[in-house]
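Read the structure below first, then the notes.
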Amino acid sequence: MGGWGVAGEQDIDQAGAGDVEVAGDIEVAGDVEVAGDIEVAGGIEVAGDIEVAGDIEVAGDVKVAGDIEVAGDIEVAGDIEVAGDIEVAGDIEVAGDIGVAGDIEVAGDIEVAGDIEVAGDVGEREGNINSMRS
C-alpha cells in the first residue's frame with residue numbers, strides 16, 4: 001500500500017472503516033475526519049483541519065494548514081507544523097519540533113525532543129511539558 005492523496009475533504013466514519021493505516025504519505029487538499037485512529041508510515045500534509053476520534057501515529061512530519069483536534073494521543077517521529085490550533089485530549093510525543101501559529105491545549109503530557117513554538121496561548125492542562133533532550 002502506498003500513499004493516499006485526496007483532492008477534497010475526507011470523512012472516514014463507516015463501521016469497521018474507522019481506522020486509517022497508510023504505508024506512505026497522506027496529502028489532502030481539504031479537511032480530514034476519522035472516527036478511529038490514524039497510523040502513517042510517512043508524513044501527513046493537510047490543507048484544512050484534522051479531526052480524529054482516536055490516536056494519531058506518524059513516522060514522518062505533520063503539516064496542517066488548519067486545526068488539529070484529537071480525542072486520543074499524538075505520536076510523531078518528525079516535526080509538527082500547524083497554522084491553526086491544536087487540541088488533544090491525551091498526550092503529545094514528538095521526536096522533532098512543534099510549531100503552532102494558534103493556541104495549544106493538551107489534557108495530558110507534552111514530550112518534545114526539539115523546540116516548542118506557540119504563537120497563541122497554552123491552555124489549562126493537567127499534564128507536564130517535558131524535553132526529551134539529553
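For (1) surrounded by fewer than 19 Cβ atoms within 10 Å (Cβ to Cβ); (2) not β-branched (Val, Ile, Thr), each residue gets a yes or a no:
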site	(1), (2)
Val40	no, no
Ile50	no, no
Val58	no, no
Val64	no, no
Val70	no, no
Gly84	no, yes
Ala101	yes, yes
Val118	yes, no
Asn128	yes, yes
Within segment 55-70, is there a residue that is in a strand (DSSP E or B) and among the basic types (Lys, Arg)? yes
Is there a residue being touching a strand residue (DSSP E or B) at 6+ places or on another chain (Cβ under 9 Å), modelled with pLDDT of 95 or more and small (Gly, Ala, Ser) anywhere in segment 100-108? yes
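The values are calculated or read from the model by the stated rules, or taken from the named source; none is laboratory data. If you're wondering where the values come from, they're calculated on a predicted model, not measured in any experiment. Positions of Cβ are generated from backbone atoms using ideal geometry, with glycine treated the same way; all protein chains shown enter the neighbour counts.
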